[in-house]
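Asker: Quick one: the structure is below, and I'll ask about it shortly.
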Ligand code: NAD
């Protein structure tokens, strides 16, 4: 561990870096080296109070700025993100551990959100009908709702915050972001670049910390809506407490995504995609493939290819060339994953690839792990492990595969590998999941479409991204107007 003094992070409120009122700081690690790279303040309710007051004041002016003028700042921000994409990707790899290619992909996804938000002038347009009765017309107008609070997880330090603040701000709201205390550094650059793009003071504020800040956001009367992304227990809590305080809340939560492989799938392509989806980003993706249900006719060939390709995965520091699999985020996540592997063995699953034995020791590494012969009674099938651990279940047919997936409490994504059109239709009509993939591994929708989990993977009504995000971050007025017939001389 480094003995060099590390930077103590500050909050960003009213266009400047301000020290938190807290005396408590938490170490931020590079999970590939266990080196402490910064210290993050566990800010207090007083810090949130100040941020909310500033954001509320800023809303008075920002909400009145003409929408195309707001959008121009988003365009400037977009250009700066492109200019700094390599630097941002490096920062993601250092604080999160995913490899540089994945980090660059994440930056690109974040940029796409900014692109979409820059379309605010069209997205904010209302509807009108010139004649709803004689000489009477009706028109809807959209308005921002006020101060929005964003609470984000560690696994996508750029993309997930970009699901929230660019659109909320483009639509005229002001924003307080509480990034994950485990990956707070990327946010520092986002706020600096948005300010450089011309964003006025107080519109975008960052308050670092953990549950005290979250509770401060949930309880503050001037914060009108909450966007949350994170685990299911915390999302459920945020949804309940925020709703009780009469706020709009959207909470995108955990997952246990199933991928179905049918006998007629293209084996080579299927295995390549599943390896990317199961072990990419160390399995720390809400769209990760956690379970494969494979038809018996192809199961042996599938397992053989899966093992062969898994054996060639390079594990290590994501900054190094050719590394595919980086570390999990913290020691506790490492321990938790090892415990799950042991539980899988104890419950009778067949461990065909053991991530405990093939991983380096200098960071929080777990190698790719595969269990065959998993059943729905096993803990490794039920729980979101959020690590590079893949469960395989052999099934008789597509119907059985869908029935198994639908027993999960989660319903974020689901994939099907097949060349049969009717199977695709059966899957689409019968699977419980909000985001489906056909012959691809990670069906994360682009910014134009909603991020659409079902069941315990989402609490709320309007999802993140797409037109849902425009509805979530605006409220409407409907004007019904009668025009008196003019008299012409
Ligand atoms: P987490 O729930 O531990 O943390 C998320 C946020 O909540 C963080 O900002 C954290 O500080 C805060 N938090 C944590 N515990 C809290 C508590 N007791 N009270 C109040 N606030 C608290 O999640 P994580 O480990 O950072 O992220 C991984 C989880 O996020 C996984 O479950 C993953 O599936 C989920 N996720 C979901 C999506 C989606 O779109 N559905 C996307 C990304 C991640």
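Asker: Which residue, of 155, 173, is over 18 Å from residue 9 (Cβ atoms), out of contact with any strand residue (DSSP E or B) (no Cβ under 7 Å at 6 or more places or on another chain) and in contact (Cβ under 8 Å) with a residue 24 or more places away in the chain?
Answerer: It is 155.
Asker: Tell me, please, whether a residue that is surrounded by fewer than 19 Cβ atoms within 10 Å (Cβ to Cβ) and away from the ligand (no atom under 12 Å from the Cβ) can be found in the stretch 202-218.
Answerer: No, because not a single residue in the stretch 202-218 is surrounded by fewer than 19 Cβ atoms within 10 Å (Cβ to Cβ) and away from the ligand (no atom under 12 Å from the Cβ).
Conditions tested, residue by residue: (1) more than 25 Å from residue 448 (Cβ to Cβ); (2) more than 13 Å from the ligand (Cβ to nearest atom); (3) in contact with a helix residue (DSSP H, G or I) (Cβ under 7 Å, 6 or more places away or on another chain).
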site	(1), (2), (3)
146	yes, yes, yes
151	no, no, yes
177	no, no, yes
187	no, no, yes
194	no, yes, yes
197	no, yes, yes
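Asker: For the stretch 1-36, how many residues meet the condition of being under 20 Å from residue 204 (Cβ atoms) and not in a strand (DSSP E or B)?
Answerer: Matching residues across the stretch 1-36 total 6.
Asker: Turning to a different aspect of this structure: When the stretch 189-201 is examined, which residues are found to be outside any helix (DSSP H, G or I) and surrounded by fewer than 20 Cβ atoms within 10 Å (Cβ to Cβ)?
Answerer: Residues satisfying the conditions are 197, 198, 200, 201.
Asker: Let me ask something additional. Name every residue in the stretch 472-487 that is in contact with a strand residue (DSSP E or B) (Cβ under 9 Å, 6 or more places away or on another chain) and more than 20 Å from residue 241 (Cβ to Cβ), in order of residue number.
Answerer: If the condition is that a residue be in contact with a strand residue (DSSP E or B) (Cβ under 9 Å, 6 or more places away or on another chain) and more than 20 Å from residue 241 (Cβ to Cβ), then 473, 474, 475, 476, 477, 478, 479, 480, 481, 482, 483 are the ones that fit.
Asker: While we're looking at this one, here's another question. Is one or more of the residues making up the stretch 283-296 touching a strand residue (DSSP E or B) at 6+ places or on another chain (Cβ under 9 Å) and part of a helix (DSSP H, G or I)?
Answerer: Within the stretch 283-296, one or more residues are touching a strand residue (DSSP E or B) at 6+ places or on another chain (Cβ under 9 Å) and part of a helix (DSSP H, G or I).
Asker: Does the stretch 37-71 hold any residues that are part of a helix (DSSP H, G or I) and free of Cβ contacts under 8 Å to residues at least 40 places away in the same chain, and which are they?
Answerer: 46, 50, 60, 69
Asker: Here is a further query. Go through the stretch 226-267 and give me each residue that's in a loop (DSSP other than H, G, I, E, B) and under 13 Å from the mean Cα position of the chain (by Cα).
Answerer: Scanning the stretch 226-267 gives 230, 231, 253, 254, 255.
Asker: Ok, one more. Go through (1) within 16 Å of the ligand (Cβ to nearest atom); (2) loosely packed, with under 15 Cβ neighbours inside 10 Å and name the single condition residue 127 misses.
Answerer: So the condition that residue 127 fails would be (1).
Asker: Another question, if that's okay. Out of the residues in the stretch 234-253 meeting the condition of being near the ligand (Cβ under 9 Å from one of its atoms) and buried (at least 21 other Cβ atoms within 10 Å of the Cβ), tell me which one is nearest to residue 212 (Cα to Cα).
Answerer: Applying the filter and picking the extreme gives 238.
Computed from the coordinates by the stated procedures, all read-outs in this text should not be read as laboratory data. Just so it is clear, the structure is predicted and the values come from calculations on it, not from any experiment. Note that each Cβ is placed from the backbone with ideal geometry, even for glycine, and that neighbours are counted across all protein chains shown.
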